[in-house]
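A short write-up of the structure that comes next.
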Amino acid sequence: MSFEHLGLAPALLRALAEEGYTEPTPIQAAAIPAALAGNDLLAGAQTGTGKTAAFALPLLDRLYVTSRRKAEPKMPRALVLTPTRELAAQVGESVRAYGKYLGARSTTVFGGVGMQPQIDKLQRGVEILVATPGRLIDHIDRRSVNLSGIEVLILDEADRMLDMGFLPAIKRILGALPRQRITWLFSATFAEEIKALAAQFMRNPVQIQVAKPNSVATTVTHRVHPVDASRKRDLLLHLLQNDARQTLVFGRTKHGADKLTKILEKAGLRAAAIHGNKSQSQRTRALADFKSGKIAVLVATDIAARGLDIDQLPMVINHDLPMVAEDYVHRIGRTGRAGAEGLAISLVSHEEEGQLRDIRRLLKQDIAIEAVAGFEPERPLRLDGATSQRGTPRAAKSPRHAHRPHGHGKAGHGAETPHAAKKRKRRPNNPRFSRA
């Protein structure tokens with residue numbers, strides 16, 4: 001199937017051809033015709049499956065071909081809500097790229113940058129507004145945006161927005177929208193909270209699920225290197241210094257990400273950190289430098305687990321396992337995209353056995369466990385009541401031959417304790433805790 005068969009306007013097909021896209025992904029092939037027909041959509045799609053185009057293309061077709069109407073000042077016609085600044089920026093870029101031959105007018109609003117330039121753009125009038133919930137609430141309070149003219153609402157990565165505590169903000173935003181509208185909800189998982197939310201504000205949505213919930217790309221190879229917690233940084237350096245290609249490394253804390261970045265830089269690696277305490281300009285610059293190859297190692301917390309659109313990323317390293325197994329899926333979704341091969345390596349200490357068990361149960365598959373020579377842990381990992389290696393861990397001959405790493409990594413040190421994680425998860429759903 002080609003994009004021509006989906007019923008998109010010639011101007012969109014031209015832009016797609018220039019972007020190098022000829023065949024739709026499964027989520028695009030399923031969602032675009034349903035969206036063009038004017039249905040509400042409840043779509044399940046993992047990161048890296050092309051879901052942005054799955055909603056951006058029919059949105060542009062509807063606004064600029066089917067029912068073109070000039071936007072009034074402060075009154076956008078379509079709203080796209082995203083959980084993070086990075087994802088908002090990337091969705092905005094995609095909208096501009098796909099809509100360049102339609103004269104599409106759009107803008108993106110998120111926190112961490114000045115309000116006035118955003119207010120000025122809204123005042124001039126845009127058809128499409130891409131926003132994070134927290135900053136959009138700020139604009140609603142300032143009356144710099146009027147949502148009464150919204151024709152299409154899109155919730156991108158709805159499950160992530162709920163995880164981040166944005167439910168009160170989303171409900172307030174929904175209250176400012178007209179009842180007569182089209183709604184498209186995209187989510188990697190369909191937890192009960194998502195179904196309940198959809199039932200409240202969607203009308204007989206067409207349900208689309210192109211992959212099993214919490215599934216990962218089959219092109220990703222998973223590997224665990226058991227190591228004592230005190231030697232994780234040394235092992236990470238050992239792995240990275242044997243290969244100079246790009247790697248995304250995940251850690252658990254902001255402070256740890258900064259500290260690890262300094263260690264990597266001191267060792268001669270080109271690295272940068274990205275997390276919630278960085279200013280928006282710092283986050284944007286770090287991501288741009290990583291994409292361009294100026295830096296080879298991007299050290300991130302889970303703020304980067306979703307929404308980072310990085311083509312051809314060969315490897316992700318988990319310096320610390322996430323406390324929630326589902327976050328493993330979102331982290332490694334950065335690699336193995338669009339059919340490319342990827343490698344997901346996790347450095348796992350004895351204290352993280354429980355988290356590794358949860359990940360294996362979620363993936364419904366075993367993960368190769370290989371000790372790296374010289375970094376064997378004092379206590380082998382024990383999973384399901386037996387040693388993970390069915391005996392003594394076998395040592396990899398060398399990092400290059402053991403796992404063929406394709407890049408560098410980054411990770412935070414200072415693991416969050418299970419008690420702290422549970423305490424964090426009990427925190428009330430309030431957007432102030434994670435204002436994007």
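The numbers here are math on the coordinates, done by the rules we state, and not lab data. All figures in this text were calculated on a predicted structure; none of them were measured in a lab. Methodologically, a virtual Cβ is constructed for each residue, glycine included, from the backbone with ideal geometry; neighbour enumeration extends over all protein chains shown.
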Backbone N within the range 84-101 under 17 Å of label point (7 Å from Arg68 Cα along the Cβ vector): 98-101
Euclidean distance between Cα centres, the range 343-358 to the range 255-278, Å: 22 Å
Gain in span if fully extended, Glu93 to Ala368, counting 0.36 nm per residue against the direct Cα distance: 95.2 nm
Estimated distance in nm for a label pair at Ser230 and Ala176, the labels positioned 7 Å out from Cα along Cα-to-Cβ: 5.4 nm
Under 5 Å, built H, 5+ apart or other chain: amide partners of Ile208: Leu42, Ala43, Gly44
Neighbourhood charge, 15 Å Cβ-Cβ cut-off, centred on His5 and excluding it, Lys, Arg +1 and Asp, Glu -1: -3
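Given the range 3-209, what percent of its DSSP beta bridges are antiparallel, to the nearest 5?
On the way: 1 of 26 bridges.
So the antiparallel bridges in the range 3-209 amount to around 5 percent.
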Lysine pairs within the range 3-209, Cα separation less than 27 Å, 8 or more sequence positions apart or different chains: 13
Amide H partners (placed H, <5 Å) of Val109, local residues excluded: Val130, Ala131, Thr132
For Leu321, net neighbour charge (Lys/Arg +1, Asp/Glu -1) across residues whose Cβ lies under 10 Å away: -4
Size of electric dipole in the range 1-106: Cβ of Lys, Arg +1 and of Asp, Glu -1, about Cα centre, debye, nearest 20: 540 debye
Calculated FRET efficiency for the pair Tyr101/Lys266, C-beta based, R₀ 51 Å, to 0.05: 0.55
